[in-house]
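Accompanying notes for the structure given below.
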Amino acid sequence: MASKPILHYVNGRGRMESIRWLLAVAGVEFEEVFLETREQYLKLQEDGYLLFHQVPLVEIDGMKLTQTRAILSYLAAKYNLYGKDLKETALINMYTDGTLDLMLLIALSYFKPAEQREKEIELVVEKAKSQYFTVFEKILKNHGQDFLVGNKFSWADIQLLEVILMIEESCPTALSNFPLLQAFKTRISNIPNIKKFLQPGSQRKPPPDDHYVATVKEILQF
Amino acid sequence: MAAKPKLYYFDGRGRMESVRWLLAAAGVEYEEQLFETAEEFENLIKGGKLMYQRVPMVEIDGMKMVETRAILRYIAAKYNLYGKDLKEQVLIDMYVEGMRDLYDIIMFLPLSFPEEKENLRYILEKATDRFLPVYEKVLKDHGKNYLVGNQLSWADIHLFELILMIEECKSDVLLTFPKLQEFKVRVSKLPRIQKFLQPGSQRKPPMDAAGLEVAKNIFKFSKGMFLKHGTTIIAEL
């Protein structure tokens, strides 16, 4: 039997969270090694695990994969969550490049000085609503289907749910003008593997806190 | 016969240049609609053609594609430049993603503040210490002509493009990378690449002061974008 994938990262969301979502939804059990000190991080580098001296690192199928988007595409394809042909894959890539960018903005806002953070998060929430949720609401309205692409559950749906939940943590009413996204959120949340991942005790990570931010800064020295 | 792809961008390299390279390497003819003013760009947005109100946008095979990475992946897959299986594909993705940080800071160099004299030195240091050694080692370890699967792929095209960009910063940057020197010569001799390197091709020149003004007027850049992007080079976290 193939060994489980191993995820190397800080004990928090960051760039690894989308990978955790994708694996969990695909029903793939995985292990995690948490980086807590700079020494651990440097050791990974010295041992040649990190092609570009960066994490996330995922050990899977005999490979040491880095670069979040490379890892995500691999997993989406492997677990049949990437559309049925090149055009559907193209749409999924267009949608997920957007959601990943948005989630990165959220993640980075926690690294702003405390006095700027709230303002920054407000800006990101506004951007989420005007540039992203508006667009995805329209996509769902135009085709009237349950899922974003090809009338079939895909990685794009997982990403959209992930970012909706993230934005709602800062703004619980973020979906108030988006009825189709509200229905989408309920529908996707009820998919069994997702429902399970949303329960306490899963490998889903909480929002960044001061300890997480401090750990990241210590490990990466910035 | 299918319509040619059509590229929507301003008249400069930016993020569209990688698309131009890949289409050229694939031997695909394309058209360009290059806007020069903020008004033209805003009309494009108002016309509803840009999913996230941003360019690059490429009309191809009935789609209005945005997001450079999505566009490049589609072209690579369509024209057999994305490996023969999923494991080769992920290697190509990893190599291309790994180039992105360096690509971005070179791309944004013209937006540096005048007092940021360290930026060029920073770029060259990252190039020679972090990025180029990775690809030199890949080529050395397997001894093949191309990065992945002994066959030309998107990763090779992108690396070639990046090498030329770094050389525009410092012409002898490949001095200590013999495999990359051979690689560069090999790729530059491919007929479609040779053609793209000739004057008169759709390849765009480096950004000059006039081009920068045009870009700033259209996209409302702020200076200091270099530093913001410079932070991504420290860690992908």
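The values are calculated or read from the model by the stated rules, or taken from the named source; none is laboratory data. What you see is a predicted model; the values in this text were computed from it and never measured. Cβ: placed from backbone, ideal geometry, glycine included. Neighbour counts: every protein chain shown. Areas reflect the complete protein model, heavy atoms only, side chains present, ligands, DNA and RNA absent. Shrake-Rupley method; radii C 1.70, N 1.55, O 1.52, S 1.80 Å.
Taking the Cα atoms of segment A:86-190, the ratio Rg/Rh between the radius of gyration and the Kirkwood radius comes to 0.99. With 20 Å as the limit, the listed pairs A:64/A:87; A:152/A:195; A:127/B:46; A:152/B:49 have A:64/A:87; A:152/B:49 beyond it between alpha carbons. As a fraction of the 1.4 Å probe accessible area of the protein assembly as shown, surface on carbon and sulfur atoms comes out at 53 percent.
Near residue B:10, the amide H atoms lying under 5 Å from its own belong to B:35; only residues 5 or more places off or on other chains count, and H is placed 1.01 Å from N.
Adding -39500 (n - 2.57) for every DSSP H run of four residues or longer, then dividing by how many residues chain B holds, sets the calculated 222 nm ellipticity at -16000 deg cm²/dmol.
Taking a straight Cα-Cα cut-off under 15 Å and skipping sequence neighbours fewer than 8 places away in the same chain, the aspartates and glutamates within cross-link reach of residue B:179 are B:136, B:141, B:156. Sorted on the mean count of surrounding Cβ atoms within 10 Å across their residues, most packed first, peptides A:70-80, B:4-14 read A:70-80, B:4-14. Short-range pairs are left out: with C-alpha atoms under 8 Å and at least six residues apart, the relative contact order of segment A:86-190 is 32 percent.
Partner shielding of B:95-104 amounts to 3, given as the average count of beta-carbon atoms from other chains within 10 Å of each residue beta-carbon.
Here the dipole of the protein assembly as shown is about 980 debye; that uses its Cα centre as origin and unit charges on the Cβ of Lys and Arg (positive) and Asp and Glu (negative). Computed packing ranks the peptides B:76-83, A:156-163 as A:156-163, B:76-83, most packed first, by mean other Cβ atoms within 10 Å. Is the shape of the protein assembly as shown rounded, prolate or oblate, going by the alpha carbon gyration tensor and its root eigenvalues a ≥ b ≥ c, with a/c under 1.5 for rounded and a/b larger than b/c for prolate? Rounded is the answer for the protein assembly as shown, as its axis ratio a/c remains below 1.5.
Peptide A:174-187 shows a mean partner chain C-beta count of 0 within 10 Å per residue C-beta.
DSSP beta bridges fully contained in the protein assembly as shown are about 60 percent antiparallel. What are the aspartates and glutamates whose alpha-carbon lies under 18 Å from the alpha-carbon of residue A:138, with same-chain residues fewer than 8 places away excluded? Straight-distance partners of residue A:138: A:88, A:97, A:126, A:146, A:157. DSSP bridge analysis restricted to segment B:1-124 gives an antiparallel fraction near 60%, rounded to the nearest 5.
Interface residues of segment B:122-147, defined as those with an accessible-area decrease of at least 30 Å² between the chain by itself and the complete set of protein chains (probe 1.4 Å), are B:130, B:134.
Peptide A:6-15 shows a mean partner chain C-beta count of 1 within 10 Å per residue C-beta. The orientation-averaged projection of the convex hull spanning the C-alpha atoms of segment B:86-189 amounts to 6.5 square nanometres. Which of the three applies to segment A:13-153, rounded, prolate or oblate, going by the alpha-carbon gyration tensor with a ≥ b ≥ c and a/c under 1.5 meaning rounded? The shape class here is oblate. Short-range pairs are left out: with C-alpha atoms under 8 Å and at least six residues apart, the relative contact order of chain B is 27 percent.
Toward the positive end of the charge dipole of segment B:86-189, with +1 on the Cβ of Lys and Arg and -1 on the Cβ of Asp and Glu, the farthest Cα among B:187, B:154, B:109 is that of B:187. Which of the three applies to segment B:1-100, rounded, prolate or oblate, going by the alpha-carbon gyration tensor with a ≥ b ≥ c and a/c under 1.5 meaning rounded? Since a/c reaches 1.5 and a/b is larger than b/c, the shape of segment B:1-100 is classed as prolate.
Secondary-structure-derived ellipticity at 222 nm for chain A, considering helices only, amounts to -17000 deg cm²/dmol, per-run term -39500 (n - 2.57) for DSSP H runs with n ≥ 4.
Across segment A:59-74, computed HN-Hα scalar couplings (Karplus, 6.51 cos²θ - 1.76 cosθ + 1.60, θ = phi - 60°) run 8, 7, 6, x, 10, 10, 9, 10, 6, 3, 6, 5, 4, 4, 4, 4 Hz from first to last residue, x flagging Gly and Pro. Considering only Cα-Cα distances, which of the following residue pairs are longer than 30 Å: B:78/B:170; A:141/B:216; A:4/A:205; A:217/B:64; B:184/B:204? Pairs exceeding 30 Å: B:78/B:170; A:141/B:216; A:217/B:64.
Buried area at the A:B interface is about 3500 square angstrom, summed over both chains, from accessible surfaces computed with a 1.4 angstrom probe. Entry comment: accessible area of the protein assembly as shown is 46 Å² per residue, from protein heavy atoms only and a probe of 1.4 Å. Couplings 3J(HN,Hα) for segment A:146-152, derived from phi with the Karplus relation 6.51 cos²θ - 1.76 cosθ + 1.60 (θ = phi - 60°), are 6, 10, 5, 10, x, 6, 8 Hz, where x marks Gly and Pro. So for chain A: antiparallel DSSP bridges make up what percent, rounded to the nearest 5? Antiparallel: roughly 60 percent of the beta bridges in chain A.
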